[in-house]
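Below: the structure, in structure tokens.
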Amino acid sequence: MHFDATFFAFVGLVLFLALVVYLKVPGMVAKSLDARADKIRDELAEAKRLREEAQHLLAEYQRKRKEAEAEAAGIVAAAEREAAALTAEAKQKTEEFVARRNALSEQKIKQAEADAVNAVRSAAVDLAIAAAEAVLAKKTDAAVQDKLFKGSVGEVKARLN
């Protein structure tokens, strides 16, 4: 019998396969593949969990953003209402102030008119007294003047007491 190279290659292949089976290489490869598959499965589950958590956080942040926007809108509305109220109050106070100032000015004008009328009356009375005095001084003599003076002094004393 003549063995050629093909036969020896076949025998080497069979011995190699026997050695691989004897050393349980297929089991180790299967075990390694199973471990890798489990690791990939765990990583996928972790990724799915992280994705769900991220979606939950996103939904929560969107909800908080909407709440913040609603609160900001409420603050703006309250500020607008307060500004309108302050404007109305300021307008009312300004109108009241103007009305008070007008009333005070009118009162001062009336007082000035009354003072002017009194001053004119006083001046007229003084002038009338001076004129009467001058007329009386021309028409009366010393005895009549003395009698009138004493009568006036007596009248003043009677009114003062």
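The values are calculated or read from the model by the stated rules, or taken from the named source; none is laboratory data. Keep in mind the model is a prediction, meaning the values are calculated, not measured. Neighbour counts are summed over all protein chains in view; Cβ atoms, including those assigned to glycine, are modelled from backbone coordinates with ideal geometry.
Quick check on my filter: what residues within segment 117-133 are within 60 Å of the chain's Cα centre (by Cα) and of a type in the set (V, I, T)? It would help to see each step written out before you state the result.
Kept after step one, since they are within 60 Å of the chain's Cα centre (by Cα), are these residues of segment 117-133: 117-120.
Across segment 117-133, the qualifying residues are V117, V120.
Residue-by-condition table, conditions (1) surrounded by 10 or more Cβ atoms within 10 Å (Cβ to Cβ); (2) of a type in the set (G, A, S); (3) out of contact with any helix residue (DSSP H, G or I) (no Cβ under 8 Å at 6 or more places or on another chain):
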residue	(1), (2), (3)
L44	yes, no, yes
L58	yes, no, yes
R63	yes, no, yes
K66	yes, no, yes
V76	yes, no, yes
S105	yes, yes, yes
Q111	yes, no, yes
A114	yes, yes, yes
A143	no, yes, yes
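Looking at A68, A112, A128, A85 in this structure, which one is in a helix (DSSP H, G or I) and modelled with pLDDT under 90? Before you say what the answer is, go through the steps one by one.
Values: A68 fails: modelled with pLDDT under 90; A112 fails: modelled with pLDDT under 90; A85 fails: modelled with pLDDT under 90.
One residue alone meets the criteria, A128.
Going by what's in this entry, would R49 be described as under 54 Å from the mean Cα position of the chain (by Cα), in a helix (DSSP H, G or I) and not acidic (D, E)? Walk me through how you get there before you give the answer.
Numbers: under 54 Å from the mean Cα position of the chain (by Cα): yes; in a helix (DSSP H, G or I): yes; not acidic (D, E): yes.
Against the criterion (under 54 Å from the mean Cα position of the chain (by Cα), in a helix (DSSP H, G or I) and not acidic (D, E)), R49 qualifies.
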